[in-house]
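The values are calculated or read from the model by the stated rules, or taken from the named source; none is laboratory data. These numbers were taken from a predicted model, which means no experiment stands behind them. Quick reminder, even Gly has a Cβ in these numbers, built from the backbone with ideal geometry, and neighbours come from all protein chains shown.
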Amino acid sequence: MVIGGGIAGIQAALDLADKGIIVHVVEKTPSIGGRMAQLDKTFPTNDCSICILAPKMADCFSHPNTNVITYAEVVGVEGKAGAFKVKVLKKSRYVDESKCTGCGECLEKCPVKVPSEFEMGLGVRKAIYMPMMQSVPRVMTIDKEHCLMTLKGKCGNCKKACKREAIDYEMKDQVLEVEVGAIIVATGYDVWDPTTSTEYGYGRYPNVFTAMEYERMINAAGPTHGHIERRSDKKRPQKMAFIQCVGSRNPQVGHPYCCAVCCMHSTKEAMLAREHHDDMESSVFYKDMRACAKGFWEYVERAKRDYAVRYVNSDATVQENPENHNPIVVYDVGGRQQSEEFDMVVLASTLIPRKDTIELAKILGLKLDQFGFLESTDRILENGRTVVPGVYLAGYCGGPADIPESVAQGSSAAAKAVETLVQAGV
Ligand SMILES: Cc1cc2nc3c(=O)[nH]c(=O)nc-3n(C[C@H](O)[C@H](O)[C@H](O)COP(=O)(O)OP(=O)(O)OC[C@H]3O[C@@H](n4cnc5c(N)ncnc54)[C@H](O)[C@@H]3O)c2cc1C
């Protein structure tokens, strides 16, 4: 079983399935894909993220050896390596997965609009929805917290619109019992909410965005169709600041570790701003540049040379010019405080252990490290192996990892799982 259908989990599942092993993939949200599906491009190649991910999502879902269980979570585990019994709670979508084709006719008729989680609240979705255009499986879900029919017994528009009779308001949650030989946990991360840290003005100053919001904004399929827009007046910015290490390497907010991706994703985002508009001026405020993996340093050099990205080595905080809602970045150069007005600020909010990691660790008997990530028995020599034989980790749930590392860890966890299956004679 693979728990979590992000890039790490997808890679693990595909490696196992290709070896002829049956894999159950349990994904909490209505679609597999994870965070990579939300990104516009990926460093260090600036490949279109969903373009390289979508074929893997489709392969993972349609592989003859996989059983992808979405909108589901693990609620109990018994047994041992080679013979685990896993209880999976499959939440009701109120939509019959075998009938829905994702045609979208129900969407048009649904009167309820709520902020879209996938679009980081910059766009809206309906109470019946698919998280994204490329959702896998391509099936609608009714959000019972907002659906007028499940809440008040009124409406029924989606049911009337559905020619395939896929809507079922009486559908119940199900508990499935699955027997597996090994378990791979690949549940990823949460993005830290910078509202709590007043020095960046996020939530107070309209033209301060998080990097994940910006990723959605610059995406052609995103809420602004790829247009970079200020919240205050919908104008496009011409001068942008990207602030790194927001909430990371900062023991005062409880996240003392480096999130391992913000040097590179801020660089990418600054480059992309210039790709969108030739006259864009981007500045990156950084503590120190951690561009250590293959091609990363060259990537930063390219940003400076070909995209005129300016790098400023300083901590930074944000104030606002109340007359035009321009964010003002306050920073320090050679011990002298400077302040500079920008049209928009993008915060590289740190990435943190998911809130539900503690619960999942209890269910599986796993340990957490000092930051709250799932712990490997030895981060150097036994990365991905846990205190529970037969249970392995892959991707960001085990600590900071970019996409290439998450993919490598997915493959590594799959190889370890095979070892368990062979030893147990499964
Ligand atoms: C703004 C930003 C930009 C980035 N840009 C890049 C980039 O350009 N290049 C790059 O290499 N990296 C980038 N990253 C990092 C990248 O997002 C991660 O490296 C990658 O997503 C990690 O993959 P994952 O599969 O471990 O986790 P995730 O992508 O978080 O996937 C985890 C999956 O598990 C599911 N899940 C969670 N809990 C449960 C549960 N209990 N049961 C079942 N399912 C569960 C989730 O719903 C999700 O689908 C960026 C990150 C941010 C924030």
Practice problem: For residues that are assigned to a loop (DSSP other than H, G, I, E, B) and within 21 Å of the chain's Cα centre (by Cα), tally how many sit in the stretch 229-253. | Solution: 3
Practice problem: State whether one or more residues within the stretch 356-368 are under 20 Å from the mean Cα position of the chain (by Cα), in the same structural domain as LYS80 (by TED's automatic domain parsing) and either more than 14 Å from the ligand (Cβ to nearest atom) or closer than 15 Å to GLY181 by Cα (or both). | Solution: no
Exercise. Output the residue which, of all residues in the stretch 267-303 that are farther than 21 Å from THR210 by Cα and charged (D, E, K, R), is farthest from the ligand (Cβ to nearest atom).
Key: ASP279
Quiz prompt | Selected residue (only one of THR267, THR317 is touching a strand residue (DSSP E or B) at 6+ places or on another chain (Cβ under 7 Å), modelled with pLDDT of 95 or more and part of a helix (DSSP H, G or I)) | solution = THR267
Practice problem: Residue by residue through the stretch 103-125, note down the ones that are touching a Gly at 6+ places or on another chain (Cβ under 8 Å) and part of a loop (DSSP other than H, G, I, E, B). | Solution: SER116, GLU119, LEU122, GLY123
Quiz item: Somewhere in the stretch 131-141, is a residue assigned by TED's automatic domain parsing to the domain that holds PRO111, of a type in the set (Gly, Ala, Ser) and within 20 Å of the chain's Cα centre (by Cα)?
Solution: yes
Self-check item: Matching option when the condition is within 15 Å of CYS245 (Cα to Cα), out of contact with any His (no Cβ under 8 Å at 6 or more places or on another chain) and within 11 Å of the ligand (Cβ to nearest atom), among THR187, THR210
Solution: THR210
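Quick check, is VAL175 assigned to a strand (DSSP E or B) and surrounded by 14 or more Cβ atoms within 10 Å (Cβ to Cβ)? Explain how you work it out, then say what you get.
Working: assigned to a strand (DSSP E or B): yes; surrounded by 14 or more Cβ atoms within 10 Å (Cβ to Cβ): no.
When the stated conditions are applied, VAL175 does not pass them.
One line per residue, one yes/no per condition, for (1) in contact (Cβ under 8 Å) with a residue 60 or more places away in the chain; (2) touching an Asp or Glu at 6+ places or on another chain (Cβ under 7 Å); (3) part of a strand (DSSP E or B); (4) closer than 30 Å to TRP297 by Cβ:
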| position | (1), (2), (3), (4) |
| --- | --- |
| ALA8 | yes, no, no, yes |
| VAL25 | no, no, yes, no |
| ILE32 | yes, no, no, no |
| PRO44 | yes, no, no, yes |
| ILE52 | no, no, no, yes |
| ALA58 | yes, no, no, no |
| VAL77 | yes, no, yes, no |
| THR101 | yes, no, no, no |
Exercise. Looking only at the stretch 293-305, count how many residues are assigned to a helix (DSSP H, G or I) and over 13 Å from LYS268 (Cβ atoms).
Key: 5
